[in-house]
Amino acid sequence: MAVFNLRVNGERMSVDVAPEMPLLWALRDHLGLTGTKYSCGIAFCGSCTVLLDGEPIRSCATSVESVGEGEITTIEGMSKDGGHPLQRAWLAEQTVQCGYCHPGQLLQAAALLEKNPHPSDDEIDEYMAGNLCRCGTYLRIRKAIRRVEEGRI
Amino acid sequence: MKAKDLSRRDFVKTTGAVGAGLLIGFHIPWLQGCAGAAQLPAEGGMQPNAWIRIDPAGFVHVVYDDHEMGQGSSTGFLMMVCDELEADWSKIVWEPVPTDPSNWVRGISTGGSTTIRLGWAPLRNAAAQAREVLREAAALRWEVDGSECVAKEHQITHASSGRSLGYGELAEEAATLHVPDDPPKKSHEDYWLIGHSTDRLDLPDKVTGKTEFGMDLRLPGMLFASVSRPPAYQGGIRSFDDSAARAVHGVVDVFEVEGGIAVVARDTWSAFKGREALEVDWDPGPFADQSSETLKARGRALAGQPGDVQREEGDFAGGIAQAAQVVDASYDTHFLDHVPMETLNATAWVRGDRVEVWCPTQAATSGQRMAARIAGVPEENVVFNSMLAGGGFGRRLNSDDTEFAVKVAMKVDAPVQVVWTREDTFAHGFYRPYTHQTMRAGLDAEGWPVAWLHRIYGQPPRGTTTGGAANPPYTLPNFLCDNHLEDWGIPIGPWRSVGNTQTCFAVESFMDECAHAAGVDPLVYKRRLMEDADPRLLNCVSMVAERAEWGREMGERQGQGIAAWTCFGSWGAMVAEVTVAPEGTVKVDRVVAVMDHGIIVNPEAVRSQVEGAIVLALTATLKAEVHIEKGAAVESNFHNHPLLTIREMPSVEVHFVESTEVPGGVGEPPIPPPPPAVCNAIFAATGVRIRELPVDKELLKIS
């Protein structure tokens, strides 16, 4: 056990956990940030995606001790009151069904547009292919990203 | 008033003043035999199981009992109330599912694509009742004739005097008036919300992470648990050593419950770690020799023997004897897991003879019963909180999530959340059943069917395995559908579209084979045979052929395939276009769908359901399978059970038939057509017939 002072959504948050505990569970079970989801536990589905210094990571396979001073952004910190252009575009396209994978989808998409503000469809697909959605909302995810890319939000 | 305060014991009258405005109670029928629906005694009769309440502030509270798991029906349900009531959409309040199902008139269970279609008539009637008594109340207050008063935009207006009163202001008075049984309902052309795409109410919180799914529940002092269960079905525990598990930091207890070993910890991860540290000698159970291969062999062995007749019309043997040509083929579909993204979970808190459960479920009634049975308390002692679910697809109709949560909670002095790993969720599924389907058709000299056999080998219950086979949408003389159903001890259950997904694959593929045997274009062949049998499906087929430009020129190793099906009160036809790579990889380029759902309440939400159904069905066509070996599931996580990704998405075009017929089901009807449409397209592209799912690309390689 060790105390880690994490930087999460612009705040300092401290957890006293085993160093190898995946960030996912520190967020969900110790910091009350349940917007980050567990689904596979082996970094194969993307539901647990958060940003670490702007890079999408799978928090189910990232230990707390490895995060260090990095700035973590979870869905709760993506915007104040859902105002991020991607969140608004997600609503404009009525993208979501059950919604479970979408915190991860949104953060992955945010990282994409940060790096590449005008991705092609192939580039969108390449970047988003690790984020699975069982409800099958992929086409709307693509459309919502396109909406932001084109400034239609 | 919270939804849980409303029950038939509290409200013997269907309407009346409760000191809180106008209350209209009504009855939503319950689809008997709906998969997973719990049976309730008939005493409920026509007593109310849903309410519209207009409070003095003018808010319209709608209490009903269906679960939201992403299908969007909650929004559609409220749209029907709002339109018929002439209410303000911003004042409609969606109440939670009741927490005491034992005190409810119908079994609370969401499945069978029923929410909108069963709600359609009673819901609009109740909303019209409310509207009419509000109008009457205004007329009385103004001492004018009711016919001079108009309900619109959440108020009653008297046009000639220019007076108006809001619904909230009239609610108390309206509650004292006689409610007409069958008030006039709006006509189709007057709907301003029904049929107009409306943003789903559940989505804003889903894009900010605020939505609380079952696994997101956090209670003061709660603990977390993981349960290790025998890998083989009906296996057991011979012995176990928990010393290493207990040494894991954060683990607070380890104990055996019926059917597993529970590790309880301060957080989920510690529970998982402790559970991994268990050393268990498992009893392989009675089905240790069972495998997918043994089932396939058994299915083949029985293919030539008559089974239990499911439906027979005419004389199949006589028809075959007269046929100019006989076509034979058999098809296999494998076990499939539902794979909801939120793994199964439930939280339970047992205090003396009181139990509280929080579960993302499709079946609150059976969940409550399960909790009561496990804990040995009366059902009414169980408060059952239905949480939003991260996908269901039929998996959450089984109450094994609640079962294990209560088993563990009974031995813990705190609320405890039992979280299934993805591996647990695969290993202990209630799968879409395996089937071996034998098809035989006799064709006359022109190639038209004069005899038809559909024989299904699978597992009981019959509906789950064979649904749809007995009534294909074609005119088929001398028809015989029979079954060999054997219990293999592998848990099966309703999987989105229940039976139809397997049987449509066989029927629609085989019909394509018959068309080719007859030398007739499959579209022409199918159209002619459904002309009399299913005119609404014929219309979908004709439309989809046009929209997809059926018969258009395709490139090398490219092809089009068509499939159509009728189920859950809706009709659907799809054309798939594929490209098959030289190494056998199938790329689905385009899917064009035409759906006839009758009246569509919320078009954009329905479109989204159809798109998503196509994705789920393509995963079943190209990727997914659960193998059984040694009586246990082989697939365990997404590394060996992939799902379709965004990269593999075809272009998808969804068209709706304009209709004023009553609404049909939405969630399930678009599931059956894609697999046969894709396989028929593969045949058109390569000449290779796919008769087993998922598609084996080895068969399609150019050698």
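The values are calculated or read from the model by the stated rules, or taken from the named source; none is laboratory data. Computed from a prediction, not measured in an experiment: that's the story for all the values here. Glycine gets a Cβ as well: all are built from the backbone with ideal geometry, and neighbour counts include every protein chain shown.
The table for this structure:
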quantity: Residue satisfying all of: in region A:9-38; among the polar types (S, T, N, Q) and facing another protein chain (nearest Cβ under 9 Å); surrounded by the most Cβ atoms within 10 Å (Cβ to Cβ) among these; calculated: A:Thr36
quantity: Given (1) surrounded by 20 or more Cβ atoms within 10 Å (Cβ to Cβ); (2) of a type in the set (S, T, N, Q); (3) within 16 Å of the chain's Cα centre (by Cα); (4) under 30 Å from B:Asn602 (Cα atoms), number of the condition A:Ser79 does not satisfy; calculated: (1)
quantity: Criterion (modelled with pLDDT of 95 or more, part of a helix (DSSP H, G or I), among the hydrophobic types (A, V, I, L, M, F, W, C) and more than 32 Å from the chain's Cα centre (by Cα)) met by exactly one of B:Ala271, B:Ala301; calculated: B:Ala301
quantity: Region A:133-153: number of residues that are more than 24 Å from B:Glu668 (Cα to Cα), within 12 Å of chain B (Cβ to nearest Cβ) and free of Cβ contacts under 8 Å to residues at least 12 places away in the same chain; calculated: 0
quantity: Segments classed as strands (runs of 3 or more DSSP E), wholly inside region B:332-412, with at least 1 members that are under 20 Å from B:Leu616 (Cβ atoms); calculated: B:354-360
quantity: Only one of A:Gly54, A:Gly41, A:Gly130, A:Gly70 that is over 21 Å from B:Glu212 (Cα atoms) and within 9 Å of chain B (Cβ to nearest Cβ); calculated: A:Gly130
quantity: Within region A:97-115, considering residues that are aliphatic (A, V, I, L, M) and within 16 Å of B:Thr645 (Cα to Cα), the one farthest from the other protein chains (Cβ to nearest Cβ); calculated: A:Ala109
quantity: Some residue of region B:419-437 being polar (S, T, N, Q), assigned to a strand (DSSP E or B), modelled with pLDDT of 95 or more and buried (at least 22 other Cβ atoms within 10 Å of the Cβ); calculated: yes
quantity: Some residue of region A:117-125 being assigned to a helix (DSSP H, G or I), β-branched (Val, Ile, Thr) and more than 7 Å from chain B (Cβ to nearest Cβ); calculated: yes
quantity: A:Ala92 being small (Gly, Ala, Ser), more than 8 Å from chain B (Cβ to nearest Cβ) and either within 11 Å of the chain's Cα centre (by Cα) or over 24 Å from B:Gly612 (Cβ atoms) (or both); calculated: no
quantity: Filter pass, B:Ala681 being touching a residue at least 40 places away in the same chain (Cβ under 8 Å), over 24 Å from the mean Cα position of the chain (by Cα), within 30 Å of A:Tyr127 (Cα to Cα) and crowded, with 24+ Cβ neighbours inside 10 Å; calculated: yes
quantity: Tally of residues being without any contact (Cβ under 8 Å) to a residue 40 or more places away in the chain and among the hydrophobic types (A, V, I, L, M, F, W, C) across region B:104-139; calculated: 2
quantity: Positions within region B:149-168 being in contact with a Lys or Arg (Cβ under 9 Å, 6 or more places away or on another chain) and either of a type in the set (Asp, Glu) or assigned to a loop (DSSP other than H, G, I, E, B) (or both), in sequence order; calculated: B:His154
quantity: Residues of region A:120-152 that turn out to be more than 24 Å from B:Gly70 (Cα to Cα) and surrounded by fewer than 18 Cβ atoms within 10 Å (Cβ to Cβ), as a count; calculated: 8
quantity: Residue check, B:Val594 surrounded by 24 or more Cβ atoms within 10 Å (Cβ to Cβ) and part of a loop (DSSP other than H, G, I, E, B); calculated: no
quantity: Out of A:Val3, A:Val8, A:Val15, sole residue that is of a type in the set (Val, Ile, Thr) and in contact with a Gly (Cβ under 8 Å, 6 or more places away or on another chain); calculated: A:Val8
quantity: Residues of region B:245-278 that turn out to be farther than 21 Å from B:Pro230 by Cβ, within 12 Å of chain A (Cβ to nearest Cβ) and surrounded by fewer than 17 Cβ atoms within 10 Å (Cβ to Cβ), as a count; calculated: 1
quantity: Residue ID - nearest to the chain's Cα centre (by Cα), chosen from residues in region B:524-536 that are surrounded by fewer than 22 Cβ atoms within 10 Å (Cβ to Cβ) and assigned to a helix (DSSP H, G or I); calculated: B:Arg536
quantity: One residue from B:Ile671, B:Ile702 being within 20 Å of B:Gln437 (Cα to Cα) and part of a loop (DSSP other than H, G, I, E, B); calculated: B:Ile671
quantity: Residues of region B:122-148 satisfying the condition of being buried (at least 23 other Cβ atoms within 10 Å of the Cβ) and over 22 Å from B:Trp89 (Cβ atoms); calculated: B:Ala137
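Yes/no per residue for (1) touching a helix residue (DSSP H, G or I) at 6+ places or on another chain (Cβ under 8 Å); (2) within 21 Å of B:Val591 (Cα to Cα); (3) buried (at least 20 other Cβ atoms within 10 Å of the Cβ); (4) more than 14 Å from chain A (Cβ to nearest Cβ):
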residue	(1), (2), (3), (4)
B:Leu616	no, yes, yes, no
B:His627	yes, no, no, yes
B:Val657	yes, yes, no, yes
B:Ile690	yes, yes, yes, yes
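Condition check ((1) more than 20 Å from B:Lys407 (Cβ to Cβ); (2) in contact (Cβ under 8 Å) with a residue 12 or more places away in the chain; (3) outside any helix (DSSP H, G or I); (4) of a type in the set (S, T, N, Q)) across all residues:
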| site | (1), (2), (3), (4) |
| --- | --- |
| B:Lys185 | yes, yes, yes, no |
| B:Pro220 | yes, no, yes, no |
| B:Val227 | no, yes, yes, no |
| B:Arg238 | no, yes, yes, no |
| B:Arg246 | no, yes, no, no |
